[in-house]
Each structure stands twice: as structure tokens, then as C-alpha cells.
Amino acid sequence: MELKKREREARRKRIKNNRVLYLMILPILLWYVLFCYLPIAGGLSLSFRNYRFDMGIWKSPFVGLAHFQKMMTDSEFLRAVSNTIIISLGRIAFQMPCAIAVAVFLNEIRSGKLKKFFQTIITFPHFISWVVLAGILINLFGSGGIINQILGAFGLASVSPIAGAQSFRPFIWISNIWKEVGWDSIIYIAAIASIDPGLYEAAEVDGASRLQRIWHITLPGIRSTIAIMLILAVGQVMTNGSFDQIFNLYSPSVYAVGDTLDTYIFRESFITGGLNFGYSTAIGLFKSVIGIIMITIANKTVTAMGENGLY
């Protein structure tokens, strides 16, 4: 009891001594409460209501778990969940190793000007809008695109990876890697820059080859960064379907393999569902809950393996 009393007194003293800092934080906390948390509470209530524009959020009819029951019995929703998970896991499995490889490649370039040149070239596609890029890809690889026109001129069979059920997901992964791998590599480049150069010098003196230095110094040196990025990526599995990419590239012919939760929500909210914002909000709540569960599992797994997690 005496120990707890001393701890309370010490805590009270710290608060008193730092009261000016707490007062400085107060406006920020109020801003978050007023403009973030209260709107979230109102928005989430739509998950349990049939929203009507003339009645507003709080007066719209309360329907309980009806929207969630509809989700679990809707085959299109279940298909969208499956596609979202597959596409997101594919991004993690293929895009993250590519970003790490690009970071290592750029780190091994000794010429500063050459390194900046390659980094600029690799990073530039990130700044191209998917609306623009999708138009380019469709003109190249669509059924009537340039590639098929060339193949037709030589009497070869046409190909359309955008419209093929077997090729659509790989096309999504490859095009996203091309667009984002340079941007994703920046954080790994920063992590590599924090490694003590003396380790490389000592390894070189001991006769280690360049590949050995990469394997035994560079990759272990950024392992904690890789672990954090993996946790964040797993937490975004339900939201990392890249709506803008898929929405601009997919078509009804590839709904079976390309329709994700984000594109499904769009159709239900504005096309087929008749502005059913209650149902789409319920799906958003479902995504958030699953995301919290997955990021918690990923964090515990990483910390159990001896790495630093998010918390």
C-alpha cells in the first residue's frame, strides 16, 4: 500500500510539473475528439440503420444486425472477401520482396549520380494517377490494344490479360509492383542507411564478398523494419485491394477474380444497392474489425519471433 501511495504521489508531482505541456496537448485532443472520434461514432451507427436522407442518421430506422446478416448470405460479398484477401496477400508476397531487392540494389550502386538517376526512374511511376495509367494499360493490353494489333498483323492469336480470369490477378500484381516498388523501397533505403558502415568495412577486410555482405549485414540490419512493414501490410489486407487500380482496370468478365470489397461497396452504394449507405457502412465496420484482429495476430507473431512489434 505504501508503495502504491508513493507511486500516486510521484505521478501527481509529474503532472503538476508538466502541466504546461498537458495544456499544450489539450487543443489537439479536443480536435481529435470533435472531428475524428465523434464523427466515427455517428458513422458507425449507420451500420445498424437503414439510412434515409430526409430523416438523418439518428432518426433513420434501426434494423439491428440485418445488414450483417445480409453480408453473410450474399454470395457476391463472400466472393469479394475472398478476392480481397488473395489480391492483398499477393501484394505482400510479391511486392515487399521486390521493394527490398530494389533498396539493396540501389544501396550497392557506388556512384551517387547513377544512384539518384535509377531511384528517380523507379520512383516516378508512383506519381502517375491510376486513371491515367489504366488508360495506357488498356490501350496496350486490351482486346483491341496495340499489342493485339501487332500480334494480329503477324497472324498470331490475340491476348488480353486484363480481360482474362486466369491472368487478371497477376496483371494487377505486376502493374502495381511496377508503379509502387520504387516508392515502397524508400523506407528500406533509409533503414539501410542507418547500418554502421564499419560493419561493411570489417566484412570486406575479412574477405566477405558483396553477396555475403548483403546476406549477413544488410538484410539482418533491416530485419526490424521489414517486421514492422509486414505487420502494417497484414493489418491492411482487407483494405489493400487498391480500389483505384482495380476499378479502372476490371470489367464484368473478371468480377469472379477481381471484384474486391472496395469495388463491391461502390456498386452497392451507388449502382445496384440504391444508395444503401447503411449496408456499405456495415461492410466498412466488418473490414475494420478484421483488420484489427489481423494486425494484432501479426504483431504477436512478430514479437514472439524476437522482433520489435508495433506495441
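Read the figures in this text as sums done on the coordinates, not as results from a lab. Keep in mind it's a predicted model, so treat the numbers as computed, not measured. Heads up, the Cβs are rebuilt from the backbone with ideal geometry, glycines too, and the neighbour counts pull from every protein chain shown.
The table below lists the values:
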| read-out | value |
| --- | --- |
| Three-way shape call for the chain based on the alpha-carbon gyration tensor, with the a/c threshold at 1.5 | oblate |
| Least to most buried among LYS13, LYS287 (fewest other Cβ within 10 Å first) | LYS13, LYS287 |
| Centroid-to-centroid separation of region 53-85 and region 173-208 [C-alpha atoms, Å] | 44 Å |
| Relative contact order of region 182-298, pairs being alpha-carbon contacts under 8 Å that are 6 or more residues apart, as % | 27 percent |
| Estimated 222 nm signal from helices in the chain, with DSSP H stretches of n ≥ 4 weighted -39500 (n - 2.57), rounded to 500 | -21000 deg cm²/dmol |
| Whole-Å distance, taken between Cα centres, linking region 231-264 and region 136-163 | 24 Å |
| Cleavage-rule hits, chymotrypsin sites (Phe, Trp or Tyr not before Pro), region 99-186, DSSP coil, Cβ neighbours within 10 Å at most 11 | PHE154 |
| Cα centre as origin, Lys/Arg/Asp/Glu Cβ charges: region 46-86 dipole, Debye | 120 debye |
| Least to most buried among ASP259, ASP244 (fewest other Cβ within 10 Å first) | ASP244, ASP259 |
